[in-house]
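Only one structure is covered here, and it is reproduced in the block below.
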Amino acid sequence: NAGVTQTPKFQVLKTGQSMTLQCAQDMNHEYMSWYRQDPGMGLRLIHYSVGAGITDQGEVPNGYNVSRSTTEDFPLRLLSAAPSQTSVYFCASSYSKPQRGQPQHFGDGTRLSIL
Amino acid sequence: AQKVTQAQTEISVVEKEDVTLDCVYETRDTTYYLFWYKQPPSGELVFLIRRNSFDEQNEISGRYSWNFQKSTSSFNFTITASQVVDSAVYFCAHTYWDTGNQFYFGTGTSLTVIP
């Protein structure tokens, strides 16, 4: 049982490049989310999904796109990378929506640097 | 606005000392959940505990204990007889029944236990 798997673990991009951060979970979780973690700012929600085909914006969605075509996968796309997007990105999933109180399970993170 | 405040940015203690990490939340809901997560230096996020708004009993798990007080909107975390392995960043988080599609994280408290 792998839990939440994020790839890649590290990535360096040039300004203006695009890329996709992959996230997959094998727990049949309904809810998935992406956060970015920056020093002194904790975890900030980028986008989330309450089920296949349903996504919504979080606190800091600009510059990112998501889709949820299957229950298992929730990729995060950077459309045109900017240095301000240098961060550590975490994907998380939970069995049900947060209002049900289920804890989130986190992937190991992707450390992304934009030059 | 829904908010979680962890006023202590960094704490250092000497091994075997007790330490309390503070968490204060804002809510207009009567039904909500509170969480604590640990992020060790290796970077992963580990779920520690969940509490719902109807259960104000304190909880103890080994050297860890949690004090939930609705009257002060606080959910504090105490580590007794701290160990070097407790060195980590600790995050408090909150979800709400009414606006239940998001977790709200505090900015974290970095704990260093000095041998």
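The values are calculated or read from the model by the stated rules, or taken from the named source; none is laboratory data. Predicted model, so just to flag it, every value in this text is computed and none were measured. As a convention, Cβ positions derive from the backbone with ideal geometry for all residues, glycine included, and neighbour counts pool all protein chains shown. The area values use the complete protein model at the heavy-atom level, side chains included, leaving out ligands, DNA and RNA. Shrake-Rupley method; radii C 1.70, N 1.55, O 1.52, S 1.80 Å.
Does region A:95-106 contain any residue that is part of a strand (DSSP E or B), open to solvent by less than 10 Å² (accessible area, probe 1.4 Å) and either closer than 15 Å to B:Ala93 by Cβ or more than 12 Å from chain B (Cβ to nearest Cβ) (or both)? Let's see the steps before the verdict.
Going through region A:95-106, the residues part of a strand (DSSP E or B) turn out to be A:105-106.
Checking which are open to solvent by less than 10 Å² (accessible area, probe 1.4 Å) leaves us with none.
Scanning region A:95-106, I find no residue that is part of a strand (DSSP E or B), open to solvent by less than 10 Å² (accessible area, probe 1.4 Å) and either closer than 15 Å to B:Ala93 by Cβ or more than 12 Å from chain B (Cβ to nearest Cβ) (or both), so the answer is no.
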Taking the condition of a type in the set (Gly, Ala, Ser), on the phi > 0 side of the Ramachandran plot and either within 9 Å of chain A (Cβ to nearest Cβ) or open to solvent by 10 Å² or more (accessible area, probe 1.4 Å) (or both), does B:Gly106 pass? no
Outside any strand (DSSP E or B), over 15 Å from the mean Cα position of the chain (by Cα) and either free of Cβ contacts under 8 Å to residues at least 12 places away in the same chain or surrounded by 17 or more Cβ atoms within 10 Å (Cβ to Cβ) (or both) - does that describe any residue in region A:47-59? no
Search result, residues across region A:49-89 that are away from every other protein chain (no Cβ under 14 Å) and touching an Asp or Glu at 6+ places or on another chain (Cβ under 8 Å): A:Thr71, A:Glu72
Determine, yes or no, whether B:Ser71 is of a type outside the set (Phe, Trp, Tyr), within 12 Å of chain A (Cβ to nearest Cβ) and on the phi < 0 side of the Ramachandran plot. no
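Within the group B:Thr95, B:Thr112, which residue is of a type in the set (S, T, N, Q), within 9 Å of chain A (Cβ to nearest Cβ) and outside any loop (DSSP other than H, G, I, E, B)? Show your work before the answer.
Details: B:Thr112 fails: within 9 Å of chain A (Cβ to nearest Cβ).
Result of the check over B:Thr95, B:Thr112: B:Thr95.
With respect to B:Asp55, is the statement that it is modelled with pLDDT of 95 or more, over 22 Å from A:Gly58 (Cα atoms) and either away from chain A (no Cβ under 14 Å) or open to solvent by 30 Å² or more (accessible area, probe 1.4 Å) (or both) true?
Details: modelled with pLDDT of 95 or more: no; over 22 Å from A:Gly58 (Cα atoms): yes; either away from chain A (no Cβ under 14 Å) or open to solvent by 30 Å² or more (accessible area, probe 1.4 Å) (or both): yes.
Taking the combined requirement at face value, the residue does not satisfy it.
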Cβ pairs under 6 Å, 6+ apart, first in region A:31-44 and under 19 Å from A:Arg100 (Cα atoms) and facing chain B (nearest Cβ under 10 Å), second buried (at least 16 other Cβ atoms within 10 Å of the Cβ) and basic (Lys, Arg): A:Tyr31/A:Lys97
